[in-house]
Amino acid sequence: MLKIEQKTERFYKNPNTKTTYILEESEVEEITEQQYRNVVESASFFRRLGGSVSQERAYTCYGYKVVKDTATSPDRQSKTVRTFKFTWID
């Protein structure tokens, strides 16, 4: 059985600088494979809205999958970073 752990970090723009963000909130939750696919496949939708999305892939126990998803809002004021950890449970 596969266990997927998602760490979500939300940042907001530092008003004193141009390019840095300040951590606002962080949470860790366990998600299903369907929820994982929904997050990964939503990248093109958010790009069409005007935001920027970058996905980092790596080899995991589940295959070559997205392990980090970074989404920036269209106004560049907030950023969400999702990190995925895959674990096999026997």
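None of the figures in this text is laboratory data; all of them are computed from the coordinates on show. Please read all numbers here as calculations on a predicted model, not as lab measurements. All Cβ positions, even for glycine, are placed from backbone atoms using ideal geometry, and neighbour counts span all protein chains on display.
Sort out which residues of the range 12-29 are surrounded by 11 or more Cβ atoms within 10 Å (Cβ to Cβ) and either of a type in the set (D, E, K, R) or under 13 Å from the mean Cα position of the chain (by Cα) (or both), and write them in order of number.
Lys13, Glu24, Ser26, Val28
Quick check on this structure: which one of Thr80, Thr8, Thr87, Thr70 is exposed (fewer than 14 other Cβ atoms within 10 Å of the Cβ) and outside any helix (DSSP H, G or I)? Break it down into steps so the answer makes sense when it comes.
Values: Thr80 fails: exposed (fewer than 14 other Cβ atoms within 10 Å of the Cβ); Thr8 fails: exposed (fewer than 14 other Cβ atoms within 10 Å of the Cβ); Thr70 fails: exposed (fewer than 14 other Cβ atoms within 10 Å of the Cβ).
After applying the criteria, what remains is Thr87.
Can you tell me which residue within the range 34-65, out of those that are assigned to a loop (DSSP other than H, G, I, E, B) and surrounded by 13 or more Cβ atoms within 10 Å (Cβ to Cβ), is farthest from the chain's Cα centre (by Cα)?
Result: Tyr62.
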